[in-house]
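Asks: Here it is, the structure, as structure tokens.
The values are calculated or read from the model by the stated rules, or taken from the named source; none is laboratory data. Quick caveat: nothing in here was measured; it's all calculated off a predicted structure. So basically every Cβ, Gly included, is an ideal-geometry build from the backbone, and we count neighbours across all protein chains shown. Just the protein is used for accessible areas: all its heavy atoms, side chains included, with ligands, DNA and RNA removed. Shrake-Rupley method; radii C 1.70, N 1.55, O 1.52, S 1.80 Å.
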Amino acid sequence: MNIKSILKGLPGLVNLYHLFFKSFNTPDDYSKLRSLSNDELLSLMRHESHRIEKAVYNNILEAKQSVYREKWERLSVIHQILKDRGYPANEPTIAWSKQIYDAFEVLETDFIQRNSKLAPQFNPNAAKQFVEFLREKRSVRIWAEEQPAQCILEAIAYSMIDAARWAPTSGNRQPWRFVILSNLEDKELLKKVKENHCTSAPLLIFVGMDTRLYGAFGKSERSIYIDAGAAIMQMILLAHKCGPGVCWNHFADDLINSRNINKTIYSQFTKKLNIPEYIAPIAIVAIGYPSFIPPEPARMEIESLVIDSGKHKTLCL
């Protein structure tokens with residue numbers, strides 16, 4: 001898939017980009033809002049709500065009152081458009097955004113303080129135990145003959161997606177999109193693009209990202225890959241906690257565009273699974289009960305990873 005070809009067919013993306021970064025004070029701006037899809041509106045709503053809340057932590061809400069009031073006014077229009085379209089008002093991110101909107105004048109006391117929690121107990125000794133948990137995770141490529149029931153694997157897959165949605169994203173975009181592949185016919189669509197350990201896995205999860213929600217994607221935007229990686233890592237750790245083996249497989253556009261046959265296979269894959277053109281492929285996560293846990297690969301010493309590590313020889317931990 002060619003990202004440039006995606007962008008050509010996405011006029012809504014241009015609208016979204018301008019609404020992020022330009023002044024919002026003309027009738028044309030309202031028209032652009034109404035031209036956006038629900039997904040784009042929701043992403044813009046989350047972004048603006050996040051920016052307003054973050055302004056309190058950065059102590060700039062009052063100093064830049066006009067900037068953030070403009071965002072607040074934009075939220076009002078977005079909420080109304082979604083209501084006019086019959087979008088459910090109890091959708092979690094809409095309800096959260098409305099709380100910020102309603103508390104705008106007293107945001108620190110009526111939203112942040114009211115909904116915050118006490119800081120957890122400081123416990124640096126917990127680090128060692130967690131690192132040991134991370135060390136036990138291996139990428140599995142040999143699957144056992146006996147596998148859990150398909151419904152159990154699918155339940156774990158949904159739990160992994162639940163873990164992914166709590167990963168951080170730039171601007172609170174929440175752009176992840178997933179497809180669960182459990183039947184052999186769907187998994188075999190990936191043959192000749194992905195290795196056997198991937199296509200033979202009991203269950204696969206396709207991870208894609210909605211490019212419409214990234215205004216500068218294709219020019220300077222790179223957070224789309226950071227956002228995806230954070231979500232995938234949480235998926236993998238959830239699976240590791242539950243017991244099945246898991247393998248994170250590269251499936252981004254550089255791989256797909258590397259050969260003509262890959263492009264053809266990916267086109268067939270997206271058509272069969274109804275994956276929209278604006279979804280950028282990122283990874284395929286393979287899940288199943290492992291035949292065995294492979295050996296632990298050596299890792300470099302910490303001192304080799306820290307630039308100018310000599311400055312930190314007095315570490316107390």
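Asks: Which of the residues spanning region 270-304 are within 21 Å of Arg141 (Cβ to Cβ) and more than 20 Å from the chain's Cα centre (by Cα)?
Replies: Those that are within 21 Å of Arg141 (Cβ to Cβ) and more than 20 Å from the chain's Cα centre (by Cα): Gly288, Tyr289, Pro290, Ser291, Phe292, Ile293, Pro294, Pro295, Glu296, Pro297, Ala298, Arg299.
Asks: Looking at region 202-217, can you tell me whether even one residue there is open to solvent by 50 Å² or more (accessible area, probe 1.4 Å) and of a type outside the set (Phe, Trp, Tyr)?
Replies: No.
For every residue, the table says whether it meets (1) open to solvent by 70 Å² or more (accessible area, probe 1.4 Å); (2) within 17 Å of Leu213 (Cα to Cα); (3) at pLDDT below 95.
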site: Arg46; (1), (2), (3): no, yes, no
site: His50; (1), (2), (3): no, yes, no
site: Ala63; (1), (2), (3): yes, no, yes
site: Ser76; (1), (2), (3): no, no, no
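Asks: What about Ala239, is it crowded, with 21+ Cβ neighbours inside 10 Å and in a helix (DSSP H, G or I)?
Replies: So Ala239 fits the description; yes.
Asks: Tyr225 - would you say it is surrounded by fewer than 20 Cβ atoms within 10 Å (Cβ to Cβ), at pLDDT below 95 and of a type in the set (Ser, Thr, Tyr)?
Replies: So Tyr225 passes the test.
Asks: Take Arg85 and tell me if it is touching a helix residue (DSSP H, G or I) at 6+ places or on another chain (Cβ under 7 Å), on the phi < 0 side of the Ramachandran plot and exposed (fewer than 14 other Cβ atoms within 10 Å of the Cβ).
Replies: yes
Asks: Also, quick follow-up: Would you tally the residues in region 119-160 being out of contact with any strand residue (DSSP E or B) (no Cβ under 8 Å at 6 or more places or on another chain), part of a loop (DSSP other than H, G, I, E, B), small (Gly, Ala, Ser) and over 26 Å from Arg177 (Cα atoms)?
Replies: The number of residues fulfilling the criteria is 1.
Asks: Could you tell me which of the residues Leu42, Leu13 is of a type in the set (A, V, I, L, M, F, W, C), open to solvent by less than 20 Å² (accessible area, probe 1.4 Å), modelled with pLDDT of 90 or more and part of a helix (DSSP H, G or I)?
Replies: Leu42
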